[in-house]
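Down below is the structure, laid out as structure tokens.
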Amino acid sequence: METATQKRSRLIKLLHVAKPKLMMADGDYRCLLANVSQGKTSSTKLSLEELELALRAMKARGFVVAVKPQGSRADIPVFEPQEDMAGQVKKIRALWLELHCLGAVRNPSELALAKFVKRMTGVDYQGWLDVDNASRVIEHLKKWVLRVGGTV
């Protein structure tokens, strides 16, 4: 749960992001703040309610709050695969990236690949696959590449 102080800080940051995104001059920005707050021209002087009104006014002018994509390479532990599996893991990654280039995979990240492997095999990370499961994943990815018009 977000505290009032955290929410206030977040709203101020959003206003500071919105200003250049909307290409607002400093005078226009301060005028907007003054209009929603009865004369205050600094976001740090605004109350929580006034900050919300200012953000609402920015959204009315076209500002869209972008949400950071969830998941990144840092979200999953990356361990080097066993020596005998390194080739198969590289092949899995290569096929996954090829599918991305062909437009069949939207997210080429390691996290997305790990989720795909988990759905297929129940194993959390492709580097932990045994030979049989790795072969199964490779064959599945190869068939997928061929279906979308690529070459293996």
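The values are calculated or read from the model by the stated rules, or taken from the named source; none is laboratory data. Being a predicted model, the structure only gives us computed values, none of them experimental. Neighbour counts run over all protein chains shown; Cβ positions are idealised from the backbone, glycine included.
Return yes when Glu139 is in the same structural domain as Arg10 (by TED's automatic domain parsing), surrounded by fewer than 18 Cβ atoms within 10 Å (Cβ to Cβ) and modelled with pLDDT of 90 or more and no when it is not. Considered against the rule, which asks whether it is in the same structural domain as Arg10 (by TED's automatic domain parsing), surrounded by fewer than 18 Cβ atoms within 10 Å (Cβ to Cβ) and modelled with pLDDT of 90 or more, Glu139 comes out as no. Residues that are touching a helix residue (DSSP H, G or I) at 6+ places or on another chain (Cβ under 8 Å) and within 15 Å of Leu113 (Cα to Cα) were ranked within the stretch 124-134; the one that is surrounded by the fewest Cβ atoms within 10 Å (Cβ to Cβ) is Asp124.
Quick one: in the stretch 106-123, of everything that is in a loop (DSSP other than H, G, I, E, B) and within 20 Å of the chain's Cα centre (by Cα), which residue is surrounded by the most Cβ atoms within 10 Å (Cβ to Cβ)? Reasoning before the result, please.
So the first thing to find is which residues in the stretch 106-123 are in a loop (DSSP other than H, G, I, E, B), and the list is 106-109, 122-123.
Within this subset, residues satisfying the condition of being within 20 Å of the chain's Cα centre (by Cα) are 106-109.
Numbers: Arg106: 9, Asn107: 14, Pro108: 14, Ser109: 18.
Filtering the stretch 106-123 for residues that are in a loop (DSSP other than H, G, I, E, B) and within 20 Å of the chain's Cα centre (by Cα), the one surrounded by the most Cβ atoms within 10 Å (Cβ to Cβ) comes out as Ser109.
Sub-8 Å Cβ pairs linking a first residue in the stretch 126-152 that is on the phi > 0 side of the Ramachandran plot to a second residue that is among the aliphatic types (A, V, I, L, M), at least 6 apart or interchain, are Gly149/Leu102, ordered by first then second residue.
Of all residues in the stretch 13-31, those that are in the same structural domain as Thr44 (by TED's automatic domain parsing) and at negative phi have Cβ atoms under 8 Å from Cβ atoms of residues that are assigned to a helix (DSSP H, G or I) and of a type in the set (S, T, N, Q), 6 or more apart or on another chain, in Leu15/Ser43; His16/Ser43. The residue that is modelled with the highest pLDDT, among those in the stretch 49-105 that are more than 24 Å from the chain's Cα centre (by Cα) and either part of a loop (DSSP other than H, G, I, E, B) or on the phi > 0 side of the Ramachandran plot (or both), is Arg61. Of the residues examined, Leu32 is not one that is at pLDDT below 90 and surrounded by 12 or more Cβ atoms within 10 Å (Cβ to Cβ).
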